[in-house]
1. Any residue at all in region 125-145 that's buried (at least 22 other Cβ atoms within 10 Å of the Cβ) and under 18 Å from the mean Cα position of the chain (by Cα)?
2. For region 447-457, how many residues meet the condition of being under 15 Å from residue 429 (Cβ atoms) and free of Cβ contacts under 8 Å to residues at least 60 places away in the same chain?
3. Looking for something away from the ligand (no atom under 16 Å from the Cβ), on the phi > 0 side of the Ramachandran plot and not assigned by TED's automatic domain parsing to the domain that holds residue 381 - is there at least one such residue anywhere in region 147-154?
4. Going residue by residue through region 133-144, is there one that turns out to be touching a residue at least 12 places away in the same chain (Cβ under 8 Å), farther than 24 Å from residue 311 by Cα and within 12 Å of the ligand (Cβ to nearest atom)?
5. Within region 229-256, track down each residue that is within 12 Å of the ligand (Cβ to nearest atom) and under 21 Å from residue 124 (Cβ atoms).
6. From the set of residues in region 272-310 that are assigned to a helix (DSSP H, G or I) and more than 16 Å from the ligand (Cβ to nearest atom), which is surrounded by the most Cβ atoms within 10 Å (Cβ to Cβ)?
7. Of the conditions (1) assigned by TED's automatic domain parsing to the domain that holds residue 232; (2) surrounded by 20 or more Cβ atoms within 10 Å (Cβ to Cβ), residue 83 fails just one. Which one is it?
8. Taking region 235-257 on its own, how many of its residues are crowded, with 24+ Cβ neighbours inside 10 Å and part of a loop (DSSP other than H, G, I, E, B)?
Ligand SMILES: *Cc1c(COP(=O)(O)O)cnc(C)c1O
């Protein structure tokens with residue numbers, strides 16, 4: 001490490017509290033000071049490059065500093081920086097809302113500025129809807145075990161990950177957690193579809209018993225990302241949509257990580273059709289979007305919903321029916337401009353076909369781990385590929401979390417110039433869509449070698 005690099009790291013550690021970090025780790029784990037980025041590459045202050053194998057926390061879908069997005073942001077800076085969004089509106093927000101309505105086939109767009117805030121909005125809107133239509137008892141939520149929906153108190157409450165939740169449990173509302181359709185848990189010889197279909201019995205039972213007090217079911221479609229990239233079959237979403245309709249409960253689809261083509265379709269929920277005969281994809285009553293929305297450049301989120309929900313809030317002011325939720329930076333024009341450019345780039349070529357090709361290449365390389373003695377599963381959904389490391393796969397004995405096997409992969413990655421950031425014992429690849437074959441080669445080789453190293457003793 002150069003003197004200048006060490007300087008920046010020390011200054012950072014002296015005054016910044018970094019996210020999702022035990023700061024004491026940095027007594028021995030160097031922090032990486034980044035100076036610039038382009039495409040899939042991050043460059044540190046000494047000139048060393050790192051391939052961004054996790055799209056900078058899943059946000060950067062089109063590569064860093066994409067020229068179209070950069071140009072659109074610069075252009076926006078010449079006209080309007082920001083304006084209060086109550087009582088005022090502007091072209092970038094209107095255009096973006098129009099586009100998102102068209103792409104999601106939903107009717108209304110409410111802006112927020114990060115994923116957790118979008119989840120809060122959806123939860124509040126759902127419960128408030130039921131109150132407005134004269135069913136005030138419907139205030140509860142149903143979520144899946146192993147789910148993740150963000151870190152603010154409401155979003156954290158509907159997540160089921162002890163690591164994030166435990167310390168705050170006494171302050172959190174209590175949703176009903178229903179067994180996840182996660183296919184890692186399937187019995188040997190059972191197909192993904194059968195496993196997910198059977199798991200639905202738990203959901204059906206919860207809805208049958210609690211629909212009267214439940215506002216909404218919230219799910220991450222197909223992939224429980226922060227929960228270790230656990231995946232399930234789209235049939236579950238088809239059944240869930242049907243059951244929510246039947247029981248009069250909203251469905252909140254959290255596409256924050258899976259949206260914008262990550263799973264090989266524009267929305268992960270596009271994989272699920274309303275019924276067996278139909279080509280029509282299921283839709284949530286609420287759809288939460290963020291992360292990839294601005295191509296990883298600006299903080300922005302959107303909650304898409306139906307006209308039915310919107311109309312239940314539409315009344316004279318005195319009725320207390322309005323949705324009086326706001327964030328200072330709602331609909332920020334620069335962020336909206338970045339999102340519009342991102343959607344333009346997404347529409348400009350057939351990214352879904354390209355993603356399936358790149359995904360196939362990732363699979364071809366990573367599948368050599370299928371015979372590894374400490375690999376329990378290699379699974380994939382589009383541009384998300386995950387490897388589950390286990391002490392003894394046949395006995396299903398996990399590595400104790402305290403051994404921090406994933407951290408060894410992280411360190412090996414940094415050494416070789418690849419940013420991998422395993423979730424516990426799950427090593428995953430989630431690169432920007434612009435990644436080239438030779439970069440896939442480097443990323444997969446580094447991940448494979450890292451897994452060999454991390455499981456050697
Ligand atoms: C990241 C994430 C969130 C939270 O978004 P933030 O912008 O980090 O608050 C919510 N839901 C899912 C599925 C996510 O992956």
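1. Yes: region 125-145 contains one or more residues that are buried (at least 22 other Cβ atoms within 10 Å of the Cβ) and under 18 Å from the mean Cα position of the chain (by Cα).
2. Going through region 447-457 one residue at a time, the tally reaches 2.
3. Here is the first cut: in region 147-154, the ones away from the ligand (no atom under 16 Å from the Cβ) are none.
Looking for residues that are away from the ligand (no atom under 16 Å from the Cβ), on the phi > 0 side of the Ramachandran plot and not assigned by TED's automatic domain parsing to the domain that holds residue 381, one finds none in region 147-154, hence no.
4. Yes, region 133-144 contains at least one residue that is touching a residue at least 12 places away in the same chain (Cβ under 8 Å), farther than 24 Å from residue 311 by Cα and within 12 Å of the ligand (Cβ to nearest atom).
5. Within region 229-256, 252, 253, 254, 255, 256 qualify.
6. Filtering region 272-310 for residues assigned to a helix (DSSP H, G or I) gives 291-294, 307-310.
Checking which are more than 16 Å from the ligand (Cβ to nearest atom) leaves us with 307-310.
Details: 307: 11, 308: 13, 309: 24, 310: 16.
So, considering only residues that are assigned to a helix (DSSP H, G or I) and more than 16 Å from the ligand (Cβ to nearest atom), the one surrounded by the most Cβ atoms within 10 Å (Cβ to Cβ) is 309.
7. Against the list (1) assigned by TED's automatic domain parsing to the domain that holds residue 232; (2) surrounded by 20 or more Cβ atoms within 10 Å (Cβ to Cβ), residue 83 comes up short only on (2).
8. Counting residues in region 235-257 that are crowded, with 24+ Cβ neighbours inside 10 Å and part of a loop (DSSP other than H, G, I, E, B) gives 4.
The values are calculated or read from the model by the stated rules, or taken from the named source; none is laboratory data. Computed from a predicted model, the values in this text were never measured in an experiment. Don't worry about glycine lacking a Cβ; one is built from the backbone with ideal geometry, like all the others, and counts go over all protein chains shown.
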